[in-house]
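First comes the structure, then the notes that go with it.
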Amino acid sequence: MGVGIEVRDLNAWFGKAQILKEVNMTVGPNAVTAVIGPSGCGKSTYVRCLNRMHETNPDAKLTGSVKVGDKEIYESGIDAVDVRRKIGMVFQKPNPFPTMSIYDNVAAGLRLNGFNKRHELDAAVEGSLKMAALWDEVKDVLKKKSGASLSGGQQQRLCIARALAVQPELLLMDEPASALDPISTGKIEELIFQLKTQYTVVIVTHNMQQAARVADYTGFFLMGKLIEFDKTEKIFTTPSDKRTEDYITGRFG
Amino acid sequence: MSTPTESDLPRLLRIDTHVATAADNAAVERAELPVVPRIVLHSSPISKWLDWVFRNLLLLCSLSVLGVMGIIFYELTSRSKLSIAKFGLHFFTGQTWDPVAGDFGALPFIYGTLLSSVVALLLAVPLAVGVAIFVTELCPRMLRGVISFTVELLAAIPSVIYGLWGIFVLVPILRLQVQPWLSKYGAWTGLFTGPAYGIGMLAAGIILAIMIVPIIASITREVLVAVPQSQREAVLALGATRWEMVRMAVLRNARAGIMGGIILGLGRAIGETMAVTMLIGNRPEIAKSLFAPGYTMASVIANEFSEATDDLYLSALVEIGLALLIVTVIVNACARLLVWSITRGSSVRSHA
């Protein structure tokens, strides 16, 4: 089951450059939220703050509070590793593990969490691959082919399956379809649409049509600030900020 | 615009096949496109000729490597004819080395070379890989340069200095501290028995290990750096600890390259002469204990070449050189086979 997210006064830096400025956002459970904005506006950094991936960069700094469900993930004493175990992430470029079989790719997260029983793993791998709409294409070569042998679109669905296998409370997607062709993109979008019945999804996208198609809520970022955050129909039909309107009508960005 | 000529065609076709956007329309309205001086795009005859020269020059360079190898092999065989004729294949299995009686067998030297190299690898690989992991994954940025520079500095020390350091520092420590301890607790293995001279196979192995750490560490470091960041992030995002990240994302993807580094280190250990000669004890016999003195192929050639007065003796020494070459080739082939077998699926390079 998905959980809600509550972000309060989030500021993030790389070295001296401030990437995010005073971001506030509240997202309900089991909804898809799209994050849009021009390149360099801080979208990716924003989602990376939601599972504490931001701090894996040695120059990174952060203030503010992020609550996922009822847990404050930046509270002292909370281990970033535990936070990430409950939050799935899918990256822009598909990054399956090239030295592992398809099966091992999906099972990787479970094995990290101490699952070793054969039948549990089998069931979880099958379930996740079915959820990611990849099962039918790979079920015969699960243990024979490596994750890197698949096509780009299949690789990305494999990465989604890998993220789903650990039953995350929240799924973060950083431009999951930007490196894919339209057909693969369509499959991923369909998938996101189905996932929201069980997961809370935050998706960064460059593609405004994509945001309009899949998201319930949309946030528009510009120069590190969250300019507007509202229901997707509202953002794309009657935005309240002039800058949002300029962006979605293609006048800049 | 004038009527389209043939040279305009590709551009016109391009415009036809994509839907004009606002930006395209604006560009068309703005002005005539600048005229590209197409003449530049033709390659001149001289550049074609240069291309041919360049290609053949490189071919020559590559062939010269094969040529040198061929000449070395030919020289070694032709100059060891006497010994090959007298001992045949028994040369490689014979255990006596008696210049006075004119009886020569190379097995103790082959054994000494392989054993000292194996000891060196066992000590050096964990150390070098550990250093590389620390430098690339864990080390604060300020320390990173200092550590890699120091490790690489080890490679710049001449081997005779290693030999001297071995005699004056390493050997006394081995004799007085390490070997008594080892023979007390490790004698049951059979590897640590006999009198503790200090000098011997163990000392040679340790000094070789120190000498090959830099090459293995620096190659491993390069390979680890080449592992895409996206692989590390993939594992971290699954909730991996630092060590799990290193194991799953870094070492797994880099294993072929690390093996490559180990092969280069092994090559250096097999051929190393000076430091080993000073520390191994130079006695041609096969002993199981690492405390016992031994002899390597490279050492015997260096030590005895100047005293080899009769033709058979000289010829036997040259054949030792041939044996060294053959052992090197076999070891490298085996190592390559190993790399191939563990990376048959795919490697990080095919992905990145």
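Under 20 Å from the 7 Å Cα→Cβ point of A:PHE14, by amide nitrogen: which residues of region A:59-73?
A:59-64
Given a Förster radius of 60 Å and the C-beta distance between B:MET142 and A:ASN207 as r, what FRET efficiency does 1/(1 + (r/R0)^6) yield to the nearest 0.05?
0.90
Suppose every Lys and Arg Cβ carries +1 and every Asp and Glu Cβ carries -1, with no other charges. What dipole size does chain B come out with about its Cα centre, to the nearest 20 debye?
840 debye
Counting helices only, and only those DSSP H runs with n ≥ 4, report the 222 nm mean residue ellipticity of the protein assembly as shown as the sum of -39,500 (n - 2.57) divided by its residues, in deg cm²/dmol to the nearest 500.
Computed mean residue ellipticity for the protein assembly as shown: -16500 deg cm²/dmol.
Out of A:LEU142, A:ILE160, A:PHE115, whose Cα points farthest toward the positive end of the dipole of region A:96-162 (charges: +1 Lys, Arg; -1 Asp, Glu; placed on Cβ)?
A:PHE115
Just to be sure I understand the interface: list residues from region A:60-95 that lose 30 Å² or more of accessible area between the chain on its own and the complete protein assembly, 1.4 Å probe.
A:VAL81, A:ARG84, A:ARG85, A:PHE91, A:LYS93, A:ASN95
Could you report the protein assembly as shown's accessible area per residue, 1.4 Å probe, as an integer in Å²?
Each residue of the protein assembly as shown exposes 51 Å² on average to a 1.4 Å probe.
Extending each Cα 7 Å along its Cβ direction at A:ALA179 and B:LEU164, get the distance between those two points in nm, one decimal.
5.4 nm
Angle, helix A:152-164 long axis vs. longest principal axis of chain A, Cα atoms, 0 to 90°, nearest 10?
Long axis of A:152-164 versus the principal axis of chain A: about 90 degrees.
Summed for both chains, how many Å² of accessible area, to the nearest 100, are buried between A and B with a 1.4 Å probe?
Roughly 2100 Å² of accessible surface disappears when A and B pair.
Against the longest principal axis of chain A, how steep is helix A:118-131, in degrees 0 to 90 to the nearest 10, with axes from Cα atoms?
It is inclined by approximately 50 degrees.
Would you mind checking the radius of gyration and Dmax of region B:95-224 based on alpha-carbon positions, in Å?
18.0, 63
Write down the Kirkwood hydrodynamic radius of region B:126-192, to one decimal in angstroms, obtained as one divided by the mean of 1/r over all alpha carbon pairs.
14.8 Å
Where in region A:211-253 are there trypsin sites (Lys or Arg not before Pro) that are in a DSSP coil and have at most 15 other Cβ atoms within 10 angstrom of their Cβ?
A:ARG251
In the full protein assembly as shown, how much of B:ILE72 is accessible to a 1.4 Å probe, in Å² to the nearest 10?
Per-residue accessible area (B:ILE72): approximately 80 Å².
Assuming R0 = 60 Å, can you tell me the calculated FRET efficiency for the pair B:LEU153 and A:LYS130, based on Cβ-Cβ distance, to the nearest 0.05?
0.60
If a helix is a whole DSSP H run, which ones in chain B reach 27 Å or further along their own axis (Cα) and hold a mean Kyte-Doolittle hydropathy of at least -0.5?
For chain B, where a helix must reach 27 Å along its axis and average at least -0.5, the hits are B:45-79, B:107-133, B:201-226, B:252-271, B:311-342.
Stretched out fully, how many nm does the piece from B:ARG247 to B:VAL118 gain, at 0.36 nm a residue minus the Cα gap?
Working it through step by step, the gained length comes to 44.0 nm.
Within 10 Å, count the other beta carbons around each residue, average over each peptide in A:85-98, B:252-265, and list them highest first.
Highest-to-lowest ranking by the protection proxy: A:85-98, B:252-265.
For B:SER159, B:SER62, what's the largest-to-smallest order of accessible area, 1.4 Å probe?
Descending order: B:SER62, B:SER159.
Out of residues 5 or more away from A:LEU170 or on other chains, whose amide H comes under 5 Å of its own, with H placed 1.01 Å from N in the peptide plane?
Those qualifying (amide H under 5 Å, at least 5 residues apart or on another chain) are A:GLY88.
Just to be sure I follow: if Rg is taken over the C-alpha atoms of region A:96-162 and Rh is the Kirkwood radius over the same atoms, what is Rg/Rh?
A ratio of 0.93.
Give me the extension gain from B:ILE46 to B:ARG336: residue separation times 0.36 nm, minus the current Cα-Cα distance, reported in nm with one decimal.
Contour length minus the Cα-Cα distance gives 100.2 nm.
Could you list, bin by bin from short to long, the percent of Cα-Cα pairs of the protein assembly as shown in 10 Å steps?
3, 13, 17, 17, 15, 14, 11, 6, 3, 1, 0
Leaving ligands, DNA and RNA out of it, work out the accessible area of A:MET223 with a 1.4 Å probe and give it in Å² to the nearest 10.
A:MET223 has an accessible surface of roughly 140 Å² with all protein chains in place.
Where a ≥ b ≥ c are the square roots of the eigenvalues of the C-alpha gyration tensor, would you call region B:177-281 rounded, which needs a/c under 1.5, or, failing that, prolate if a/b is larger than b/c, or oblate?
oblate
Estimate the FRET efficiency between A:GLU72 and A:HIS119 by the formula 1/(1 + (r/R0)^6), using the beta-carbon distance for r and 41 Å for R0, to the nearest 0.05.
With R0 = 41 Å, the Cβ-Cβ based efficiency is 0.65.
For A:VAL35, list long-range residues whose amide hydrogen, built 1.01 Å from N in the peptide plane, is under 5 Å from its own amide hydrogen.
Here the answer is A:ILE203, A:VAL204, A:THR205, A:GLY219, since their amide H atoms fall under 5 Å of that of A:VAL35.
Keeping all protein chains in place and using 1.4 angstrom, which order do A:SER178, A:SER44 fall into by accessible surface area, from largest down?
Ranked from most to least accessible, the order is A:SER178, A:SER44.
What value does region B:222-278 have for Rg/Rh, both radii from Cα atoms and Rh as Kirkwood defines it?
For region B:222-278, the value is 1.25.
Which whole number gives the average, over all residues in A:108-114, of C-beta atoms from other chains lying within 10 Å of the residue C-beta?
Whole-number average of other-chain Cβ neighbours for A:108-114 is 4.
Rg to Rh ratio, chain B, alpha-carbon atoms and Kirkwood radius?
Ratio of gyration radius to Kirkwood radius for chain B: 1.18.
May I have the convex hull volume per residue, in Å³, for the Cα set of region A:159-253?
Output value, Cα hull per residue: 111 Å³.
Other chains near A:96-107: what is the mean number of their Cβ atoms within 10 Å of each residue's Cβ?
Per residue, the number of nearby Cβ atoms from other chains is 4 on average.
So how much accessible area does B:TRP165 have, in Å² to the nearest 10, using a 1.4 Å probe?
Roll a 1.4 Å probe over it and B:TRP165 shows about 110 Å².
B:THR189 versus A:ASN57, label points 7 Å from Cα toward the beta carbon: distance in nm?
Simple spin-label model gives 4.7 nm for this pair.
The values are calculated or read from the model by the stated rules, or taken from the named source; none is laboratory data. Since we're looking at a predicted model, the values are computed, not measured. For neighbour counting, all protein chains shown are included, and Cβ atoms are generated from backbone atoms with ideal geometry for every residue, glycine included. Just so you know, the surface numbers come from the protein's heavy atoms only, side chains and all, with ligands and any DNA or RNA stripped out. Shrake-Rupley method; radii C 1.70, N 1.55, O 1.52, S 1.80 Å.
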